[in-house]
Amino acid sequence: MYSSIWTVLAILALSASLIFNPADQPLLSSVGFSLIAYLVTYNLIPALGPAFIKVGFSGRDLSKKDRPEIPETMGAVCAIVYLFCMFLFIPFVFYQYLAKTIGGGVVVGYDSLSEGLVKGRILSAFPHEKLAEYLSAILCLQSMFILGVADDLFDIRWRNKFFLPAIAAIPLLIVYYVDFGITAVMVPVVLRPYFGDIVDLGALYYMYMAAVAIFCPNSINIYAGVNGLEVGQSVMIGVCILLNDFIYLVQPNHPAEESHLFSVYLLLPFLAVSIALLRHNWCPAKCFVGDTYCYFAGMVFAVVGILGHFSKTLLLFFVPQIFNFLYSVPQLFKIVDCPRHRLPKFNPETGLLEPSRTYFDKKKPGKLGQIMIYVLEKLHLLKVWRDEKGVVISISNMTLINLVLVYVGPLREDHLAAVLLGIQFASGLAAIALRHSVAAMIFGRDNI
Ligand code: UD1
Ligand code: MG
């Protein structure tokens, strides 16, 4: 599955004209870089597959009859192409400022720092804080990428790796502190008589942002196990954030324009490399994305939300992931037994996926686990199998994927992926509508 020579030439020509557009518009350059990123990723993945298998980056597709071995960790290709793309984009995004500061001795102007007419490079005209934001984003994503590869190599225990994204996010939080520093949140209108219009959360706000950086990568990684789901959900979330960005960008001179442009610059190449990966990972998958991709994708969203100053809105786009995480808590915290894999069970006779189960023949759940199973069953959120005496022998694994199968019945793998991605996109659109309607009512105004 490679692009034809004509597609390559057409994309290269179009990209070149966009990157070097005469209006020096960074947005157009970003689209140009993204097209090249797509082309490179799409062709590199099949080319590098055999080399990945050779060094042990491979996995068995558990939902196929013959369980074929295919390359894993292909998210590494995406991450590297993405990072290169972000490096090459730096001169273009800062071009207008570089033009002002370039060529010592040529520019004459007023320098606010020295408060006088100066001859030479007006370095204070350069937005160093913007470059710091940009570089901290890259540093954070690079650290996350390294961590992801380490996990794919050594299968690190999740309780050991869970908090590491917060460490990767430190450069980001420091830049947020010196550059933006707002830790106050608006109080809903009904609570204002008690708390005032805004509440300053101080250090708590930084802890909240660190929690976002931990949650986004991990929540994508545990909402997985169906061909196309890890990348597909990331593409859906990315598209929804992009739509939300454009709501701000279409309004001339909006105060939040810069932060939403920043979000677009980070998201366009991300979507490009992800769509290229999705085409190879869609059922029947030719490769797996690996934990590398899940961590990288989650961190892209955390970076975009934190530096774009919309980390609370960001979580609205993670509703299926939040549900899947909360629903998984009994198994994640071992209150109820958790098998290594909770992905749906493939039935070789029908070729369909069915809910996978946890059996209690060896290890019975404790009192708390039994209560949780009882409550979830009463809420119609769990399928429970009992023996003739009414003793629980097994339950459907606690993931949104299995829950959909419990409700809809057995499904083909690609149909299941399509249903789950449909849920993701619909909830993302609802989040946008909610953000700009109900939120405006609750908080008295919309900040568009
Ligand atoms: C997470 C889930 C686990 C799920 C796994 C699937 C939790 C706590 N962990 O674990 O339940 O089974 O993701 O990715 O919820 N695979 C397929 N088809 C796919 C994707 C993956 O068969 O479409 C299998 C392959 O054998 C692949 C392996 O899953 O090698 C990858 O699993 P890995 O990403 O290492 O699992 P975790 O992220 O630890
Ligand atoms: Mg994984």
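Nothing in this text is a laboratory measurement; each read-out follows from the coordinates by a stated rule. Computed from a predicted model, the values in this text were never measured in an experiment. Note that each Cβ is placed from the backbone with ideal geometry, even for glycine, and that neighbours are counted across all protein chains shown.
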Which is the longest stretch in the chain that no exposed loop site breaks, taking sites as chymotrypsin sites (Phe, Trp or Tyr not before Pro) with a DSSP loop state and at most 13 other Cβ atoms within 10 Å?
164-332
Using alpha-carbon positions, the gyration tensor of region 272-371 gives root eigenvalues a ≥ b ≥ c; with a/c under 1.5 called rounded, otherwise prolate if a/b exceeds b/c, else oblate, the class is oblate
Using DSSP to define loop residues, name the trypsin sites (Lys or Arg not before Pro) in region 145-247 whose beta-carbon has at most 12 other beta-carbon atoms within 10 Å.
R157
Given the rule -39500 (n - 2.57) for each run of at least 4 DSSP H residues, summed and divided by the residues of the chain, what is its mean residue ellipticity at 222 nm, to the nearest 500 deg cm²/dmol?
-20000 deg cm²/dmol
If I take R0 = 51 Å and measure r between the Cβ atoms of L12 and L381 in this structure, what FRET efficiency does the formula 1/(1 + (r/R0)^6) give, to the nearest 0.05?
0.50
Positive dipole terminus of the chain, leading residue within I241, G369, N402 (C-beta point charges):
G369
Taking Rh as the Kirkwood radius computed over alpha-carbon pairs of region 1-97 and applying Stokes-Einstein at 4 °C with viscosity 1.567 mPa s, one gets a diffusion coefficient in µm² s⁻¹ of 85
Around I393, which amide H atoms from residues at least 5 apart in sequence, or from another chain, sit under 5 Å from its own amide H, with H modelled in the peptide plane?
W385, R386, D387
Relative contact order for the chain using alpha-carbon pairs under 8 Å, separation at least 6, rounded to a whole percent?
18
Ranked by GNM mean-square fluctuation in the chain (Cα springs under 10 Å), the top entry among P165, P410, P50 is P50
Would you mind calculating the gained length between L368 and F154 on full extension (0.36 nm times residue separation, minus the Cα-Cα distance), in nm to one decimal?
73.8 nm
Kirkwood Rh and Cα-based Rg: tell me the resulting Rg over Rh for region 312-423, rounded to two decimals.
0.98
Excluding the sites themselves, what is the longest stretch of the chain that contains no GluC sites (Glu not before Pro) in a DSSP loop with at most 16 other C-beta atoms within 10 Å?
116-348
Please give, to one decimal in nm, the separation of the simple spin-label points placed at H254 and V408, each 7 Å out from Cα toward the Cβ.
3.3
If you stretched the chain out fully between Q96 and A440, how much longer would it get, using 0.36 nm times the residue separation minus the C-alpha to C-alpha distance?
120.3 nm
Cut-off 15 Å, label 7 Å out along Cα→Cβ of F162, residues of region 197-231 by amide N
211-222
To the nearest Å, what is the center-to-center distance of region 26-73 and region 131-210, using C-alpha atoms only?
29
Under the Kirkwood approximation applied to all pairs of distinct alpha-carbon atoms, what is the hydrodynamic radius of the chain in Å?
24.0
Nitroxide proxy distance, nm - points 7 Å out along Cα→Cβ at F180 and F20:
3.5
Please arrange H436, H280 by how many other C-beta atoms lie within 10 Å of their C-beta, fewest to most.
H436, H280
What is the dipole size for the chain, taken about its Cα centre, with +1 at each Lys and Arg Cβ and -1 at each Asp and Glu Cβ, in debye to the nearest 20?
1240
Across all Cα atoms of region 199-296, Rg and the largest Cα-Cα distance (Dmax), in Å, are 16.1, 50
Positive-end residue of L201, S30, L267, charge dipole of the chain with Cβ unit charges
L201
How do V231, V319 rank when sorted from fewest to most other Cβ atoms within 10 Å of their own Cβ?
V319, V231
Charge dipole (debye, nearest 20) of region 348-427; +1 at Cβ of Lys and Arg, -1 at Cβ of Asp and Glu:
480
Rank these for me by crowding, I45, I423, going from fewest to most other beta carbons within 10 Å.
I423, I45
List residues of region 316-352, by number, whose backbone nitrogen lies under 14 Å from a label position 7 Å along Cα→C-beta of A430.
316-324
As I understand it, the dipole of the chain uses +1 on the Cβ of Lys and Arg and -1 on the Cβ of Asp and Glu, about the Cα centre. Which of I393, L316, S437 lies farthest toward its positive end?
I393
Apply the membrane-span-like helix rule to the chain: whole DSSP H runs, Cα extent along the own long axis of at least 18 Å, mean Kyte-Doolittle hydropathy at least -1.0. List the helices found.
5-19, 26-54, 75-93, 128-154, 203-222, 229-249, 257-281, 290-307, 319-332, 413-435
Segment Y206-R60, length gained on full extension (0.36 nm per residue, minus Cα span)
48.6 nm
